[in-house]
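Read-outs throughout are calculated quantities, based only on the coordinates presented, and are distinct from any laboratory measurement. No experiment lies behind these values; they were computed from the predicted model shown. Positions of Cβ are backbone-derived with ideal geometry, glycine not excepted, and every protein chain shown enters the neighbour counts.
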Amino acid sequence: MELWDREMSGYKARLDELAPATRLKLAVEAITWTLETLPEPLEDRAAHNWITEALAVCRSAVQNGAAAVQLPAELDSAYDEIAQDAEESGVPHYLSATFAAADAEGVTGGQLYGIYSWLYEGSLDREEIPEWTIEAEEANPRCNAVIAAQKRQIEAASA
């Protein structure tokens, strides 16, 4: 996480400047990109299905220009059990990121920063790096790819 903290700390303030609907859009795009580019797909079917369904609701909100998402009651209530049972590397982080994006109050700059962090940490967790050091993260292509994608996304939205 040291690499992500170092590389992304300068981007935090930019997120507060973005419109709420833009922050939701970025959250959905970041989650989607992270999951679609995983070296190995998620094996936890319950978590995969929950994330897929929640992202569909989020995408619909984005397409309608909304700044916030209202998850259907069954998805909202299923989250705790699915999150509690999630043991696959990275999955708890991806669930947390998706649940935060689906906040009924809208995604704040701080929440979006947290979503990016969860996505990075989930990816880092899946890489099975024996010791999380900045040197190990710098040497890992996936860590670098996630950071680069997040930076590009923020820069494009802030332009």
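General observations
- Shape class for the stretch 1-65: oblate, because the ratio a/c of the largest to smallest gyration tensor axis (alpha-carbon atoms, square roots of eigenvalues) is 1.5 or more and b/c is at least a/b.
- Calculated mean residue ellipticity at 222 nm for the chain: -22500 deg cm²/dmol, from DSSP H runs with n ≥ 4 weighted as -39500 (n - 2.57), summed, divided by the residue count and rounded to 500.
- Taken about its Cα centre, the chain carries a charge dipole of roughly 900 debye when the Cβ of each Lys and Arg holds +1 and the Cβ of each Asp and Glu holds -1.
- Gain upon complete extension [GLN70, THR32; 0.36 nm per residue less C-alpha separation]: 11.8 nm
- Cα pair count fraction exceeding 27 Å, expressed as % - the chain: 20 percent
- Two-site label geometry, ASP16 and ALA139: point separation in nm, points 7 Å out along Cα→Cβ: 3.8 nm
- If you bin all the Cα-Cα distances of the stretch 111-159 at 10 Å, starting from zero, the percentages per bin are 24, 52, 21, 3.
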